[in-house]
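Please read the structure below before turning to the comments.
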Amino acid sequence: MSNPFADMELTDCAFCIGTNMTECHPVAATRLKKALARGAKLIVADPRRIKLAEMADLYLPIRVGSDVALLLAMAHVIAREGLVDHEFMAARTKGAEEFLEHVKQFPPAWAETITGVPARDIEAAALMYGSANAAAIYYTLGITEHICGVDNVQSLCNLALMTGNLGKPGTGINPLRGQNNIQGAGDMGSVPNNYPGFQPVDNPANQAKFAQLYGREIDLERGITKVKALELAGEQIFAMFIDGENTLISDPDRHHGEQALRNLEHLVVADIFLTETAELAHVVFPATAWGETDGTFTNSERRIQRVRAA
C-alpha cells in the first residue's frame, strides 16, 4: 500500500475494484466505513454484487477480465474533462503527453461494448474519482489473478498519477494483500526480478553488492516468472520446489497449471495443508505455521510485526 490503513478514513472518494474488502479484510474495511459515514463517495467495480457494492454510490458490474477497458475509458473522461493534475504529471511521471494522447481513442461508449457497463456509469465513475480532493484506489486478487494482472495494476496507477492522487493523505494505490506475509516475502527478495528491499537484479551496483554479501557470483539477468516456469515444465524444467503456495488455485488457467505440474519429473511442496497443488507432489514437507517459529510478518501497509514461537 502507498498509504497506511488510517488514511482510509481521510479519503473523499474510494474506488474499490476486484476486492471483497468487507469479507476478506473486515478490520481494514471498518476504516472505510468510517469514511463513508462522514460522506465519502464509494465506487465499486466487481462482476459480483458483493456486500461492498450495496454500500456504493456507484456500482460497476464489469465483465470478468475487462478491467483495462474500464480504466482506459475512465482515463479518457478525466483527460477530456480537464481533471488532470498536469503539474504533478510533469514533475513525477514520464511520457505524460503521450499517455494523454493515447487515451483519447478509448471513450466510454467503446468500453461499454467490452465491459458491459453503461457508458453513462463509466462517465460518472471517472468524474467522481477525478474531481475528488483526495481519491484512493483499493484492490485485491480480483485485479491481480489474471493473465493481464500487470496491465490491470498499471492502469490503476495511471489513474492515480494523472490526477495527482499519490503521496498525500487519503489517496494512493492500495493493494490489500491476499496471502499471509506475501508483502514480507517480497521485501526479502522472493521474486525473480529483485533482491531484498526491491533492489533490481539487473542493476550492476546491486549485483556487486549482493555478490559480496552472498560470497558468490550472481547472474545479472532477471529470473524467470512463475508463468514462464510453468510453460517450461517438462521441457527445460524437470523439477520444482513450491513453498507455501497453492499454485493451482492462485494462478490463472487451472487446467494449464495442473498439466504443467504433471509434466515435471519431480515436484516437492512444503505447506501446512495438503492443498490441491500438494496432492500432485512426489514429496510433501510439512511446513511450520506462524505459531511454531520465530520471525516477522509484514502486513499490507508494510508494518513489520515481530512473531515468536509459542
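Quick look at the numbers
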read-out: First in region 293-310 and part of a strand (DSSP E or B), second anywhere and of a type in the set (Gly, Ala, Ser) and surrounded by 12 or more Cβ atoms within 10 Å (Cβ to Cβ), Cβ under 8 Å, 6 or more apart; value: Thr296/Gly184; Phe297/Gly184; Thr298/Gly184; Ile304/Gly184; Val307/Gly295
read-out: Filter result for Glu123 (in contact with a Pro (Cβ under 8 Å, 6 or more places away or on another chain) and buried (at least 17 other Cβ atoms within 10 Å of the Cβ)); value: yes
read-out: Any helices (runs of 4 or more DSSP H) falling wholly within region 1-94 and containing at least 3 residues that are not charged (D, E, K, R); value: 21-24, 26-37, 67-80, 86-92
read-out: Residue satisfying condition, being closer than 19 Å to Asn3 by Cα, out of contact with any Cys (no Cβ under 9 Å at 6 or more places or on another chain) and among the basic types (Lys, Arg), within set Lys41, Lys34, Lys104, Lys51; value: Lys34
read-out: Some residue of region 157-170 being outside any loop (DSSP other than H, G, I, E, B), of a type in the set (Val, Ile, Thr), crowded, with 16+ Cβ neighbours inside 10 Å and at pLDDT below 95; value: no
read-out: Check on Asn165, out of contact with any Pro (no Cβ under 9 Å at 6 or more places or on another chain), among the polar types (S, T, N, Q) and assigned by TED's automatic domain parsing to the domain that holds Glu98; value: yes
read-out: Residue match in region 194-207 (condition: of a type outside the set (D, E, K, R), under 24 Å from Leu141 (Cα atoms) and touching a residue at least 40 places away in the same chain (Cβ under 8 Å)); value: no
read-out: Flag if Ala136 is within 24 Å of Ala53 (Cα to Cα) and either modelled with pLDDT of 95 or more or touching a helix residue (DSSP H, G or I) at 6+ places or on another chain (Cβ under 7 Å) (or both); value: yes
read-out: Qualifying residue in region 128-148 (condition: in a helix (DSSP H, G or I) and farther than 15 Å from Ile43 by Cβ); value: yes
read-out: Residue that is modelled with the lowest pLDDT [pool: residues in region 239-248 that are surrounded by 13 or more Cβ atoms within 10 Å (Cβ to Cβ) and at negative phi]; value: Glu245
read-out: Verdict on Gly170 being in the same structural domain as Glu9 (by TED's automatic domain parsing) and at positive phi; value: yes
read-out: Residue check, Gly291 at pLDDT below 95 and surrounded by 15 or more Cβ atoms within 10 Å (Cβ to Cβ); value: no
read-out: Condition met for Ile242 (closer than 30 Å to Glu265 by Cα, of a type in the set (A, V, I, L, M) and part of a loop (DSSP other than H, G, I, E, B)); value: no
read-out: Only one of Glu301, Glu292 that is of a type outside the set (A, V, I, L, M) and farther than 30 Å from Tyr139 by Cα; value: Glu292
read-out: Filter result (under 26 Å from the mean Cα position of the chain (by Cα) and in a helix (DSSP H, G or I)) within region 260-292; value: Ala260, Leu261, Ala278, Trp290
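Listed here are the residues, each with its yes/no results for (1) crowded, with 16+ Cβ neighbours inside 10 Å; (2) within 20 Å of the chain's Cα centre (by Cα); (3) within 20 Å of Ser131 (Cβ to Cβ).
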position: Asn3; (1), (2), (3): yes, yes, yes
position: Thr30; (1), (2), (3): no, no, no
position: Val68; (1), (2), (3): yes, yes, no
position: Met74; (1), (2), (3): yes, yes, yes
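Here's the yes/no breakdown for (1) within 25 Å of the chain's Cα centre (by Cα); (2) more than 24 Å from Asp253 (Cα to Cα):
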position: Lys168; (1), (2): yes, yes
position: Pro175; (1), (2): yes, no
position: Asp187; (1), (2): yes, yes
position: Asn194; (1), (2): yes, yes
position: Ile218; (1), (2): no, yes
position: Lys228; (1), (2): yes, no
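The values are calculated or read from the model by the stated rules, or taken from the named source; none is laboratory data. None of the values given here were measured: they were computed from a predicted structure. Because the Cβ atoms are built from the backbone with ideal geometry, glycine has one as well, and the counts that use them run over all protein chains shown.
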